[in-house]
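J.: The structure's right below; bear with me while I get my questions together.
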Amino acid sequence: MGLHEICPWQYYNSLANIGNDQTMNVSSLALLLVLAASVATSQVRVSRSWYHDIIRQPAPSGPIPALAGGVEMFRSFGSVGNEQAWQFRLHAVAELYRFTDSTDPVQWSTSAEFHHELTANPYSQISFNPRTARWEEQVLVHMATTAATFRAGWIHRCKHDVDNLEGSNELTNEPTLPVQRTIILTGPIVGAATAPFNMLGGSGILAATTEWYAVAEDYRRPSSSSTALLSDVQGAVTVQARWNMALSPAISLQSTIWASLPWFAARYNAPSQGLPYDGRAEVALSVRGSAARLDLVLAAERQFDEVAFLSGQATSLVQVGLRFAPR
């Protein structure tokens, strides 16, 4: 029996219809959810709200057998300085070459991922003032079995200023000083994810990745007196748990908890921030069409460093938004 016959799913939102032969201890999942929500930490990644295990999509062997993409739009409230008032994200995943046919019990493939995020505050005459652009690219090798998928490759992540101003407000005449903060993180990445398994009337997935940064840079101009530098980060462990329950053939309820744990070459010292961590929790109502799905999302997010500012400042927010993604 082939891999696609055992786990015949194309994307996460269809998990409620599959994974019937996968089992897992629910108490272990609950423990991971508690840990992810309370202690795990890391710098924000653009792909934090995106999941597409492309090797589990049935496809023939050969070049470029699959291509997927999506877009997210969020209105956020409560972030420090309202810097995260708007979030727009674009995602693209291309399977470069699949070495095995979907009927093989073990799958091998390669992919490239591209993620972009634009954030904006509301301080302009149109209540939309672009502030930061963030990119994330990954080149990966995948292996999949009936129980799990594994990936390894290289990740590049960077942040750049858009308007080159800190605290700019077009509605006042207060002078502002031009600032610039550029962040570059790049290095090898490895990860694993479970196959879908039955849980609480729906389907669940657990996934984790570990990153090591061969290059970690945090350029600030003018230089900041803060010692909380991302150039000191050496790597991060990221975990996520996802659950999906079908309400009808076309509608399902989803929930996700995502979080990471970084480690640093020097103590991360940002006054009044406590433990540095990033985390995200969301619930979504998902509607599937013939070619794609639409998620109506309610989420809470915490970032240990609002990178629109020169100095490290933690920020928390709640948001509502839309996500268009593959079925």
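The values are calculated or read from the model by the stated rules, or taken from the named source; none is laboratory data. Quantities reported herein were computed from a predicted structural model and do not represent experimental measurements. In this analysis, Cβ positions are derived from the backbone assuming ideal geometry, glycine residues included, and neighbour counts consider all displayed protein chains.
J.: On the basis of being in contact with a Phe, Trp or Tyr (Cβ under 6 Å, 6 or more places away or on another chain), surrounded by fewer than 19 Cβ atoms within 10 Å (Cβ to Cβ) and within 28 Å of residue 163 (Cα to Cα), does residue 92 make the cut?
T.: It is true that residue 92 is in contact with a Phe, Trp or Tyr (Cβ under 6 Å, 6 or more places away or on another chain), surrounded by fewer than 19 Cβ atoms within 10 Å (Cβ to Cβ) and within 28 Å of residue 163 (Cα to Cα).
J.: Which residues, counting only those in segment 102-122, are surrounded by 16 or more Cβ atoms within 10 Å (Cβ to Cβ), in a strand (DSSP E or B) and small (Gly, Ala, Ser)?
T.: If the condition is that a residue be surrounded by 16 or more Cβ atoms within 10 Å (Cβ to Cβ), in a strand (DSSP E or B) and small (Gly, Ala, Ser), then 109, 111, 120 are the ones that fit.
J.: Let me ask something additional. Please state which one of 108, 86 is modelled with pLDDT of 95 or more and under 24 Å from residue 149 (Cβ atoms).
T.: None of the others qualify; the one that does is 108.
J.: Further, regarding this structure: Would a scan of segment 69-92 turn up a residue that is over 29 Å from residue 298 (Cα atoms) and part of a strand (DSSP E or B)?
T.: No, segment 69-92 contains no residue that is over 29 Å from residue 298 (Cα atoms) and part of a strand (DSSP E or B).
J.: I would also like to ask the following. Looking at segment 303-317, can you tell me whether even one residue there is surrounded by fewer than 18 Cβ atoms within 10 Å (Cβ to Cβ) and either aliphatic (A, V, I, L, M) or closer than 23 Å to residue 54 by Cα (or both)?
T.: Within segment 303-317 (the criterion being surrounded by fewer than 18 Cβ atoms within 10 Å (Cβ to Cβ) and either aliphatic (A, V, I, L, M) or closer than 23 Å to residue 54 by Cα (or both)), the answer is no, since none of the residues qualifies.
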